[in-house]
Amino acid sequence: MSHQRRNDTATAPCDDGLASARQALLVGLFTLAGAVWLAGPGCSAQSGDPSPEETSADAAGTAAPATTSPSARAPREDFEPDPPGQWLALDLHVHAWGASNDAGPDSTPARIAEVARERGLFAVVLQDHSNSTGSDPFTLEEDPALYNQGPEFVHWDEAARLSVPGEFLLVSGNELSPRDEGNDPVGHIGCIPRTLGSFDTDSPFVDRPRGSVTGGEALAQALDRGCFAIVNHPYAVAAWIAYDWSSFAYDALEIWNGMLTTLDLQGRDAWRCDLLAGRQVTPVAASDNHRIEDPPPGTLFDPALGWPSTAVFSAEPSWEGVITALESGYVTLFEGESRLFLDGYDEGRWRAEGAETRFLRVRGHLDAESRRPAELRVTRAFACDDPRPDVAPPPTVSEEVLLEQTIAQGEDFDIALPIAGEPGVYSATLLSRRPSPIDGPRHAAMSRGLVIAAER
């Protein structure tokens, strides 16, 4: 079974008219009818709704763009209001005891669910390793007699029992983990089940013997299974878990894994190169947590649950809404209370992404707990020197800096940036300092990418 990615125009952060800058900009924990998820004030379907002419809800669960022709709409004095919906915070890459051989014994599904809810996450995906130890999660020694036998979705039933529809979802996924005979890159592929109903949890994945499965072949297995397929940590400290770039058919790149380092920025450049090449690829951030009791913000080798997270915008708190939003690419990546949203508008200040975009609106917040101010940086990537499928060196992006502005701890911002509509990939970062190969800033945030394609 193969999947064709959606090309929907994405929705935007909620806006109640900006009557209160703090309330309109800081995306916090919002409680409604006992449900806790990441949302901005005015984000529920009951408040702040645009008129039916401005937006409609599509069948898949996210707000759809207006169908009115831009030329038929009168210019606005302010930006078009945000559609109804809420931001749902996710950790898409977590390991659990009893399924991953390198997870701590405290990392039971029940404890993971408990901590996730305390930290305001709407969903956690358990990406436990495939047959990398011969289907024995309690030993580091591989047994060839047990290769490629499964089970692959060890905690599927327990995850379902720990989920509360509309409030919190624990999902059992998989991290396909083939290995080279030496230490050359192959890749880890995150399998995020697209549906929690008819998904095949019985069939094993094939990832052994060593050297017999490429990263691209593991990716193909995930796609055939019906997964939203993520290339995890495409560039990594351990070369053998980095990706071999033998296929570009992935749905997403994990451009931020645990503590932000220069390796993550290389993944971010690879993602921007994908967008420049016309591929629709979603950026995601995830903790890769293996020990649930590690406190925030975590360290390089012991990341904390939810540090970092990916948030998606959905009209309703559901797994269907999460998958649809991931497919659309309308995400924001962050740690703590920092946030960074990027939206496009035409010259009449109506929502528009593409050749008609004439304004970028950059909104967000820097966590008050950040140790130092951060630099908000908005760029347009316009060219890429991309050696892939060679695994080294990483891609190099040519970019134009559109904005550099210092943001203080605890500061909200809402910046309108005029642009000429030049082709490229527009994106933003909020970093308190530049990362190194083994260390990086905390309370950072990254935006999605807004693409203006070159005329053909």
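Counting the residues of the range 198-217 that are farther than 18 Å from Pro151 by Cβ, loosely packed, with under 15 Cβ neighbours inside 10 Å and among the small types (Gly, Ala, Ser) gives 1.
When each of Val213, Val124, Val154 is tested for being more than 30 Å from Ala89 (Cα to Cα) and touching a strand residue (DSSP E or B) at 6+ places or on another chain (Cβ under 9 Å), the lone residue that passes is Val213.
Considering the range 136-157, and only residues there that are without any contact (Cβ under 8 Å) to a residue 24 or more places away in the chain and assigned to a loop (DSSP other than H, G, I, E, B), the residue that is surrounded by the fewest Cβ atoms within 10 Å (Cβ to Cβ) turns out to be Glu141. Scan the range 77-93 for residues that are buried (at least 18 other Cβ atoms within 10 Å of the Cβ) and part of a loop (DSSP other than H, G, I, E, B) and the total you get is 7.
Across the range 431-451, the qualifying residues are those that are polar (S, T, N, Q) and in a loop (DSSP other than H, G, I, E, B), and the one among them that is farthest from Asp264 (Cα to Cα) is Ser432. Of the residues contained in the range 413-430, none is found to be buried (at least 19 other Cβ atoms within 10 Å of the Cβ) and part of a loop (DSSP other than H, G, I, E, B). Restricting Asp207, Asp269 to residues that are assigned to a helix (DSSP H, G or I) and touching a Ser or Thr at 6+ places or on another chain (Cβ under 8 Å) narrows the list to Asp269. With respect to (1) among the hydrophobic types (A, V, I, L, M, F, W, C); (2) assigned to a loop (DSSP other than H, G, I, E, B); (3) within 23 Å of Gly306 (Cα to Cα); (4) over 22 Å from the mean Cα position of the chain (by Cα), the lone exception for Ala96 is condition (4). With respect to Pro393, is the statement that it is part of a loop (DSSP other than H, G, I, E, B), over 24 Å from the mean Cα position of the chain (by Cα) and surrounded by fewer than 17 Cβ atoms within 10 Å (Cβ to Cβ) true? So Pro393 fits the description; yes. Here the range 176-197 is the region considered, the condition is being in contact with a Ser or Thr (Cβ under 9 Å, 6 or more places away or on another chain) and assigned to a strand (DSSP E or B), and the residue that is surrounded by the fewest Cβ atoms within 10 Å (Cβ to Cβ) is Pro193. Within the set Gly364, Gly354, the sole residue that is under 23 Å from the mean Cα position of the chain (by Cα), surrounded by fewer than 16 Cβ atoms within 10 Å (Cβ to Cβ) and not hydroxyl-bearing (Ser, Thr, Tyr) turns out to be Gly354. Of the residues Ala277, Ala252, Ala242, the single one that is buried (at least 22 other Cβ atoms within 10 Å of the Cβ) and closer than 30 Å to Gly354 by Cβ is Ala252.
Read the figures in this text as sums done on the coordinates, not as results from a lab. Note that the structure is a prediction, hence the values are computed from the model and not measured. Using ideal geometry, Cβ is built from the backbone for each residue, glycine included, and neighbour counts are taken over all protein chains shown.
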